[in-house]
Amino acid sequence: MSAPLKLGRRSLGGIATAAMLAPGRTTLAADPSTYVSGWALPFNLDPHQVFDVPMQGVMLNAYDGLYRYQNDPPEIVPWLAESHTVSEDGLVWEFKLRSGVKFHDGSEMTAEDVVYSFRRVLALALAPAGAFLPILTQDRITAPSKMVVRFELKVPYAPFFSAIPIVSIVNPRVIQANEKNGDWAKSWLASNGAGSGAYKIIPTNYRPLELLDMEINPDHFLGWSHNPKPVKRIAYRPVKETSTRVLALLNGSIDCTDTNLPGDQVERINASKVAYVQKDVVMRIFIIRMNNTKPPFNNLNARKAFAHAFNYSGFINDILGGYATRDPYPMPDNLWGIPKDAKGYDYDLKKAKEYMAKAIAEGAPMKRPFEIHVQSDNDQALQSGQLFQSDLAQIGINLKVVGGVWGNMTANTKTPETTPDMWVHWVSTYFVDPENWVGQMYDSQFHGTWKASCYYKNAEVDGLLRKARSSLTQEVRAPLYEQAIRQIMADSPDIWVYNSMQLQGLNKRIKGRKFCTVGQGSEMRTVSLET
Amino acid sequence: MSLILRKLARDVPAVIGLTIVIVVLIIAVLGPLLAPYPEDIAASHLMRRLKPPSWAYPFGTDNLGRDILSRVIMGARGALMVAMTVVSIAMAIGVPLGLIAGYRGGWLSEVIMRVTDAVLAIPQLVLALALAQLLTPSLESAMLALSLTYWPFFTRIVFAETRRLTSSLFVDALRGIGAGTARIVFLHILPNAASPIIVRATIGLGFTILVAAVLGFLGMGATPPAPDWGLSIAESRTYLPAAWWYATFPGLAILLTVMGFNLLGDGLRDLVDPRLRRSR
Amino acid sequence: MLGFIARRCGLALPSLFGLLVVTFILVRVVPHDSAAAMAGDAATPEQIAKLTKEAGLDRPIVEQFVLYVGKVARFDFGESAFSRREVSLDIMERLPATLTLTFCALAISITIGIPLGVFAALRHNQWPDYVLRIVSVLGVAVAAFWFAIMLQLLFSMQLGWLPLRGELSATMSRPERVTGFLLFDSVITGRWDALRDALHHIVLPAFTLSLGGLASIVRFTRAGVLDTLQNDFVSYGRAMGYRRSRLVWRYVLRNSVTATITQIGLLFGGLIAGGVVVESIYDYPGICSYTVQAILTGDNQVMLAVTLMVGVVYAAVNILTDLVHGLVDPRLLDKP
């Protein structure tokens, strides 16, 4: 009866040989010129269609803007533009361009290209257009001379300049060649590059959400004298599972993780020989939205009951391991325009019960079942929901945690009816101005966008925010924002939790990383890899 | 009947399977009485999160400080409920369709079997995922999606059995003595098709628990704070491998339960399969 | 033979058409604003209306369906709402990875599963049979995700023998595209380094994926051999004094393996389901992870195309197994 065993042994032996073929540690990304990122990729590569945190990696490396945020705390510095002027009424902005900037195809950048880029953003009217649509139309962007671009705003808009770095300047010559029935080459640019940035996209290797390679652009307008040993190639290899991502960092097959590393993994990574956790304070607030149009959230006491029922310190200190700071304001506490004297809400179930009783007395339906929507692929969001759920259960409120995907969740917020009772999200720094937070979150003219999804409406606040938006100096604007925020906090339309510290796992061979809260450290120009 | 039971008792793996199934059933029924901390379904205790197994918490605690043993015990009820609901609905749809298609023949039979083939033409998980997402993810959608994708298996089996029996001599004889269609189908054909249906259902229970766990794992099934096994594994991903106990015990619960149903189902199949019966 | 293939393809077509109808109705009828999802975060209502019109979503559903079928016939599946790429292009790029992975997993399942199944049958109702049956059921029941992470911890982290994730090392350049199959392309272009690297990358995912199939094949083979052993020719052969092992491996196996082959087609569904988990944990860039991504984001064009594609592959595998079955047992080819 040896026959079956014989065959079994042979086939098992085959497998074992296959495994033996592998000599130790073949898989490390030990190549000193390739940087392997394990961070997520945007849905597509067109910086005029997608505007989110993963897109920053593409935008800041493959494209340039007129101005760019650099350093920590962020400063806005001239980039493709040398300088700018603004008329006294704040309506006419002129940008003088730097000469000798070349796109990746070798052609020179002119004012016409900048005009084309801004017009394309307006025409596509997708995510990055948000800040510009209310104040600009295509014909208000012109090129009075070869190196000057002029914007004539409809109304004065102070945050305009802060939002300038959002728009990547693209090369119209390659884009127009790939247009199909006037689509502004929307399909083509989604998997190709047309920029002038420090790195070039290699389109043949690209696979959406899986693979992106970029190679160095030796002719970048800033040159490479600041970095004698730059990274030659950036390989994006997004790792889907958090646990796998951490393992990949630890065995050296990726150089960086995402920036949402769970606090529980920090110690483990720091104990390793190859990697460490980089902590950076960012401007990114974590909020629980309430749909103020759905009863009982249209009742102030009901909203206050919820605001007192969230365990802020438990969440920040125990679940996040203290890697965040409590921020009771509807804006990052390290930005100007914060009324430091205003008092936030604290975790106090007794107060929550009192407010709940008042709300019930006023006829608010506090006993109905509630839903909180969270991104199902985000553990932190999920845990905040679960924590809230268990605390609310103690005061007799029944909360259901519903998982979702970011794209669908933002689509749900388009009308008050489809917006859930509550949902959880962050507001990152798209541009450094109070407009990015309170301005777009609590001015009722933004209802229908995810940032304003609490559907808060207060005429006084609307007035203050609009006045602040059209005033030009910080001295005038700061008190207006402070006053607006005091009122917003008194109305308690949302639950403001923290301002983030970002945690990113990095390989120890990375040198020269320069952090800026805009882009969250994804700019690679200054990075080199130690051997 | 007793002969079948005696034969089953001689089949060691089947007995193991039966034992597991009975134990899981008892745990599911008595869950809240057996769990040391039944309130840990929804409660959270941040001070004792991610504690390794100890006397107080034999399976350790999870990311919100909940006792994993209690949650694994409380999860049995949900898992069985899902599995039984799904299999019952699938049977309720699949068996009558199979009977009609098999007994009637003609264009109706053709249509039913084409639809069955169309549904079978795609892996169940893919279809269930798509359905669950379109119906907005929740446990109910997952159950509906699984039922709507599992019935064809029953239709196939019942169709084949009915076809075989319809053309058999004894049905002809019954017709000859003037028995009505309903009488033939329900009193004579269905009982004869019962054993393959039972085998399929037993294996289906295990299979459904596994697929439901995958759906929960992908965030398309049970929602927090349900002590769902698949969901627990999904939640534990972030804490691996440090908190090994978090994924291991719900994983073992799935493993044992599914194994129990499969071993029992296999044993039953060996018993009722006429070809294998001879070999005993 | 050709007639047989044509007949089987003809039979598969109505099923696939039915599948298309079912998924199309599901995707279109269930309330889900795909235009809004496409438009992105900052879209205005006018813009959503424009996209709805562009995508033809405002027309009657029957018209939409006819249009869609017309396009599918030309292998045009439209564009993904998110990546803006031709869905057919994405499928062509990703299908080969999944097929390779599935094939390798199947090969492992068969080479280990058949001998074990025969062994279990020969030791029917003795302890090796019991142990094998329990172990093979374990293979079906183990949560693939958990097992995958354990394999990663052991082979990638502890021993450092095999890579953790992906299809190819990030620093390894991809061989020139000829067939789209990474392994074949490496061989054709003579890129032995890439071949070696790709083979290393496929071991863990393929092994993880093979578990479910392995268990089933052990069970089918065991049942098949038990069945054949009852036949008269075995008793006759025994009476003629043939050695039992010779009898089993030469005659019984050939007769019982046919049953196993037909079952391989059925395994394919399980392999796709397993692929969902395996591809996502090992970041293997195949069609399964693509499907899940599309389903989670509600990318309708992709969902329609992928379900149809998986259906086509599924049907093809079934026809293929029938064909192999027919080659082993030619009488079957003549049956209608």
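The values are calculated or read from the model by the stated rules, or taken from the named source; none is laboratory data. The shown structure was predicted, so the numbers you read here are calculated from the model rather than taken from an experiment. Neighbour counts run over all protein chains shown; Cβ positions are idealised from the backbone, glycine included. Accessible surface is based on the protein model in full, side chains and every heavy atom, while ligands, DNA and RNA are left aside. Shrake-Rupley method; radii C 1.70, N 1.55, O 1.52, S 1.80 Å.
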Gain in span if fully extended, residue A:270 to residue A:123, counting 0.36 nm per residue against the direct Cα distance: 48.2 nm
CD proxy, 222 nm, the protein assembly as shown: helix-only mean residue ellipticity via -39,500 (n - 2.57) per DSSP H run with n ≥ 4, per residue, nearest 500, stands at -17000 deg cm²/dmol
Here, residue A:139 and residue A:467, labelled 7 Å along Cα→Cβ, have an inter-label distance in nm of 3.4 nm
What FRET efficiency would be calculated for the residue pair residue B:187, residue C:103, taking the C-beta separation as r and a Förster radius of 45 Å, to the nearest 0.05? 0.40
Using the charge dipole of region C:87-334 (Lys, Arg: +1 at Cβ; Asp, Glu: -1 at Cβ; taken about the Cα centre), state which of C:178, C:233, C:162 has its Cα farthest towards the positive end. C:233
Surface accessible to a 1.4 Å probe, residue C:75 within the full protein complex, Å²: 90 Å²
For residue A:316 the rounded accessible area (nearest 10 Å², probe 1.4 Å, non-protein molecules ignored) is 10 Å²
When each of A:240/A:367; A:343/A:451; A:96/A:180 is checked by Cα-Cα distance, pairs over 27 Å: A:240/A:367; A:96/A:180
Please sort by residue number the trypsin sites (Lys or Arg not before Pro) in region C:204-267 whose DSSP state is loop and whose Cβ has at most 16 other Cβ atoms within 10 Å. C:243
If I take R0 = 35 Å and measure r between the Cβ atoms of residue C:327 and residue C:125 in this structure, what FRET efficiency does the formula 1/(1 + (r/R0)^6) give, to the nearest 0.05? 0.55
Using the Kirkwood formula on alpha carbons, the hydrodynamic radius of region C:87-334 in angstrom works out to 19.9 Å
Report the relative contact order of chain C, percent, no decimals, based on alpha-carbon pairs under 8 angstrom and at least 6 residues apart. 25 percent
Cα centroid distance between region C:83-139 and region C:156-199, in Å? 22 Å
About the Cα centre, and with charges only on the beta carbon of Lys, Arg (+1) and Asp, Glu (-1), how big is the dipole of region C:87-334? Nearest 20 debye, please. 1100 debye
Filter the GluC sites (Glu not before Pro) in region A:288-372 down to the DSSP loop ones having no more than 16 other Cβ atoms within 10 Å, then list what survives. A:362
Of C:141, C:287, C:304, whose Cα points farthest to the positive end of the dipole of region C:87-334 (charges on the beta-carbon: +1 Lys, Arg; -1 Asp, Glu; origin at the Cα centre)? C:141
Among the listed pairs A:102/A:232; A:186/A:514; A:102/A:186; A:351/A:467, which have their C-alpha atoms separated by more than 26 angstrom in this model? A:186/A:514; A:351/A:467
Hydrophobic long helices for chain C, i.e. whole DSSP H runs reaching 30 angstrom or more by Cα along the axis with Kyte-Doolittle mean at least 1.0, come out as C:2-29, C:87-122, C:253-281, C:300-328
What are the ³J(HN,Hα) couplings of region A:433-445, residue after residue, when phi is run through the Karplus curve with 6.51, -1.76, 1.60 and θ = phi - 60°? Round to Hz, x for glycine and proline. 6, x, 3, 4, 10, 3, x, 8, 8, 10, 7, 5, 5
Any idea how far apart residue C:135 and residue A:326 come out in nm if each label point goes 7 Å out from Cα toward Cβ? 5.8 nm
Long-range amide H partners of residue A:498, meaning residues 5 or more apart or on another chain whose placed amide H is closer than 5 Å, are A:286, A:327
Pairs of Cα atoms farther than 22 Å apart, chain B, %: 63 percent
Mind checking region A:158-250 for trypsin sites (Lys or Arg not before Pro) that DSSP puts in a loop (not H, G, I, E or B) and that have at most 12 other Cβ atoms within 10 Å? A:180
When only the heavy atoms of the protein chains count and the probe is 1.4 Å, how do C:264, B:177, C:25 rank by accessible area, highest first? B:177, C:25, C:264
At residue A:336 and residue C:13, where each label point lies 7 Å from the Cα along Cα→Cβ, what is the point-to-point distance in nanometres? 7.3 nm
Springs between alpha-carbon atoms under 10 Å, Gaussian network over chain C: tell me which of C:12, C:215, C:305 tops the mean-square fluctuations. C:12
With DNA, RNA and ligands ignored, accessible area of residue A:360 (1.4 Å probe; Å², nearest 10): 80 Å²
Span-like helix ranges in chain B, DSSP H, alpha carbon extent 27 angstrom or more, Kyte mean at least 0.5: B:12-34, B:68-104, B:139-166, B:190-217, B:244-272
Whole angstrom only: what separates the Cα centroid of region B:11-37 from the Cα centroid of region A:172-237? 59 Å
Solvent exposure ordering (accessible area, 1.4 Å, most first) of A:455, A:276, C:242: C:242, A:276, A:455
Nearest-0.05 FRET efficiency for residue C:232 and residue B:6 at R0 = 41 Å, using Cβ-Cβ distance, is 0.90
